[in-house]
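S.K.: Starting off with a structure, shown below.
FYI, it's all coordinate maths here, none of it is from the lab. Keep in mind that this is a model prediction, so the values were computed, not measured. Virtual Cβ from ideal backbone geometry, glycine too; neighbours counted across all protein chains shown.
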Amino acid sequence: MPLSVKGYTAHICCDGKELEQYDVQQEDERTVTCWIPSEAGKAFSVHWGDPSSTTMQVIVSVDGRVVLRRGQEGKRTGVFSKLTDRPGRIRAVEFSHLVLTDDETVASASSTSLQKLGVIEVEMRKVKSFCEGEDYYSVGEVLEIGPVHEKSKKAGAHAG
């Protein structure tokens, strides 16, 4: 069953099936969180629904990086499943392999990116208007985190 806040819904699919959600928590009146199972290298898709007649901006972030901004009229659903990882190349979004190291000089030093590692966020904002057809997809280093120190590994992240 999709996560739901005030009728707005979101869920993740893999192999054409909605992934089961664990430890669902209503953090506040606008935020719901959960854990989902994932398998490194498997493609996934992010789905959302908007039951209102409000014009919305949908923002999808993966590992702390915005990968999609989309405007949509109310009472619609949406899916994000592909990204542009370099100009002219579109590929499926996949659960990534996490490279671990014990070498502190090589490991990724950004604690901000480590806090969001393994996090998929769907944000829905009311807006007055948007320009038709203006989806924004990140280009380039979208899911490239780099080696992570073993001590920084978050539960649920994939070691590969």
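S.K.: Roughly speaking, what is the stretch gain from T33 to S52, that is 0.36 nm per residue apart minus the C-alpha to C-alpha distance, in nm to one decimal?
M.R.: 4.7 nm
S.K.: Another question, then. Kindly state, to the nearest 0.05, the FRET efficiency for Q25 paired with R86, given R0 = 35 Å and r defined as their beta-carbon distance.
M.R.: My answer for the efficiency is 0.45.
S.K.: What's the exposure ranking of W48, W35, going from fewest to most Cβ atoms within 10 Å?
M.R.: In order of increasing Cβ crowding within 10 Å: W35, W48.
S.K.: For the residues H11, H97, H47, what sequence is obtained by ranking on other C-beta atoms within 10 Å, fewest first?
M.R.: The most exposed by this proxy come first: H97, H47, H11.
S.K.: Now, a different point. Going by amide H atoms built from the backbone, whose H comes under 5 Å of the H on S96, apart from near neighbours?
M.R.: G41
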